[in-house]
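Quick note: the coordinates plus some simple rules give every number you see, no bench work behind them. Note that this is a predicted model, so its numbers are computed, not measured. With ideal geometry, Cβ positions are generated from the backbone for all residues, glycine too; neighbour counts draw on all protein chains shown.
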Amino acid sequence: MKLRVAGKAFSDQRRAVRNGSVLIIVLWIAFGLVSIALYFAHSMSFELRAADNRVAGMEAEEAIAGAARYVSNVLANAQRAGTPPDTNAYRFSAVPVGDAAFWLIGRGNPQDPPTTAHFGLVDEASKLNLNTATTNMLLMLPRMTPELAANIVSWRSSANSNPSGGAESDTYLRLNPPYMCKNAPFESVDELRLVYGADLDILYGEDVNLNGVLDLNENDGAVSPPSDDQNGRLDPGILEYVTVYSHEPGMTTNGTARVAVTNATQLGTFLRGASVNVPPGRTYTSVLDFYFQSGISAEDFAKIEDQIRNPNIDGLVNVNSASVAVLSCLFSGAGADTNKAVPLVAYRESQAGPLTSMSWVKNVLDARAARLVGPYLTGKTYQFTADIAAVGHYGRGYRRVKYIFDTSDGAPRILYRQDLTHMGWGLGKQTRDTLLLAKAIR
């Protein structure tokens, strides 16, 4: 009897152990299945976020494409050829396109805080043209070296001519990889990367994302690239000041040829037809020189300014929008006092509205300075940069593309397109904070 009881107890104990083992195995299997489920759920959450970001990126890309068409329409409907569109006539900041939005990254008053982002179209004629600037003009650019200035002129000059004594193909063929000196005009500003001596510090300076804003990483010393002096000011490289696109048309909007002021016969005929009386027997070096010497009123000059031109129509700098740095380059190349650039810009900035003529220059410059620098100046611009940045829903999917528009033939056309997304955030800290706040509220 006792043996039966003991055997039964032992059997129950074995059964309990066996059941416990099965429970442990089941728990481990359940734990494994749950872990796998959690792993795949976590992976799919990343996939979902990645897909959502991709959708936001596509929204931003479509917004940029729409913005390019919008800019083209704005330029096509500009009230006056050769004049930047009125900033009150178009939108350029946080413009909604469905769930996306776009901005036109621009440039503002240098007196504003350097951390402030500015928006709008950029006037390409406010910059120094790499294909027409002399060595002395190039030397006045910030961060420029004498060697690089000479090499830039050599790069664009023919193989049979090396007026600056800069690097030629024998220098470039020693590089790794080797290549030939172009010996032809620049086709884009980025072509400077190929010119011997043009390192990144000279080209970009502190503004590594080319947005004209002093970002946090551009004012932290040696903490993060780029190398900066942490002085609270943005010190850009030469890319900020140069272009290859500035060009004026040889025809007016009604199809008649513009008259070169250096052609006395044609100019006299034109002025008689326009009922403008000027002293006879004088020669002029430029449109600005003509205005100074002729003695005509600012009103009469404004009427004919679009119909006369300098002998050279490539690379003229718009005195109504150029910076002190660019104007100083022109004065240096013309052999005039470079300090005259400062009062020019100061007078321009003191005016209530945008200036569309060169007549105001007579209030600042003397006749000698105007005669020297006049051949390089204009009051018009026909090429514009639309540096378009966009985000999709919830401020995600950031994209940035730069377009160069040319209106010299009448209808706007795109000369150049460059994706700048890889350069990082270009809208400044304030816009980022605004987007983050809007996302948090939602």
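Between T243 and L128, N129, L130, the built amide H atoms are under 5 Å apart, and every one of these is 5 or more places off in sequence or on another chain. In sequence order, the range 201-209 has phi-based couplings of 5, 5, 6, 9, x, 7, 8, 6, 9 Hz under the Karplus curve 6.51 cos²θ - 1.76 cosθ + 1.60, θ = phi - 60°, and Gly or Pro positions carry x. The trypsin sites (Lys or Arg not before Pro) of the range 141-206 that DSSP puts in a loop, and whose beta carbon has at most 11 other beta carbons within 10 Å, are R174. Go through the range 301-316 residue by residue and turn each phi into a ³J(HN,Hα) via Karplus (6.51, -1.76, 1.60, θ = phi - 60°); whole Hz please, and just put x for glycine and proline. Residue by residue, the range 301-316 yields 5, 4, 6, 10, 4, 6, 9, 10, 8, 6, x, 10, 10, 9, x, 5 Hz.
Projecting the Cα atoms of N88, L104, G197 onto the charge dipole of the chain, computed from C-beta unit charges around the Cα centre, puts L104 farthest toward the positive end.
Coordinate range of the alpha-carbon atoms in the range 56-151 per principal axis, descending: 51, 33, 28 Å. For the range 267-414, the Kirkwood hydrodynamic radius comes to 17.3 Å, computed from all pairs of different C-alpha atoms. Derived scalar couplings between HN and Hα for the range 149-159 equal 4, 5, 5, 5, 5, 5, 4, 8, 7, 5, 5 Hz in order, rounded to whole Hz, by the Karplus curve 6.51 cos²θ - 1.76 cosθ + 1.60 (θ = phi - 60°), x for Gly and Pro. The stretch between R193 and A440 holds 84.7 nm of extra length on full extension. This uses 0.36 nm per residue minus the Cα-Cα distance.
Remark on the range 212-310: Rg and Dmax equal 22.8, 67 Å (Cα only).
A Cβ-based charge dipole, computed about the Cα centre of the range 140-217 with Lys and Arg at +1 and Asp and Glu at -1, lands at about 300 debye. Enclosing the Cα atoms of the range 358-421 in their convex hull gives a volume equal to 156 cubic angstrom per residue. Take each peptide in 53-63, 403-413, count the other Cβ atoms within 10 Å of every residue, and average; sorted highest first, the result is 53-63, 403-413. Close amide-amide hydrogen proximity is noted between F119 and G106, each under 5 Å apart and 5 or more residues distant or on a separate chain (H modeled in the peptide plane; Pro and chain starts excluded). How would the range 132-203 be classified by its alpha-carbon gyration tensor: rounded, prolate or oblate, with rounded meaning a/c under 1.5 and the a/b versus b/c comparison settling the rest? Oblate is the answer for the range 132-203, as a/c is 1.5 or above yet b/c matches or exceeds a/b.
The charge dipole of the chain, taken about the Cα centre with unit charges on the Cβ atoms of Lys, Arg (+1) and Asp, Glu (-1), comes to about 1980 debye, rounded to the nearest 20. Write out the chymotrypsin sites (Phe, Trp or Tyr not before Pro) in the range 170-234 meeting two conditions: DSSP loop, and at most 11 other Cβ atoms within 10 Å of their Cβ. Counting only loop positions with at most 11 other Cβ atoms within 10 Å, the chymotrypsin sites (Phe, Trp or Tyr not before Pro) in the range 170-234 are Y179. Along its first, second and third principal axes, ordered by size, the range 176-261 spans 58, 37, 19 Å in Cα coordinates. Summed over qualifying helices (DSSP H, 4 residues or more, each -39500 (n - 2.57)) and divided by its residue number, the chain shows a 222 nm mean residue ellipticity of -12000 deg cm²/dmol.
Computed over the alpha-carbon pairs of the chain, the distance histogram in 20 Å steps reads 21, 45, 19, 6, 5, 3, 1, 0 percent, short to long. When the convex hull of its Cα atoms is viewed from all sides, the range 133-282 shows a mean projected area of 14.5 nm².
In the range 187-234, the ratio of gyration radius to Kirkwood radius, Rg to Rh, stands at 1.03 when only Cα atoms are counted.
Work out the charge dipole of the chain with +1 on the Cβ of Lys and Arg and -1 on the Cβ of Asp and Glu about the Cα centre, then indicate which of T145, F119, L234 is farthest towards its positive end. Toward the positive end, the furthest listed residue is F119.
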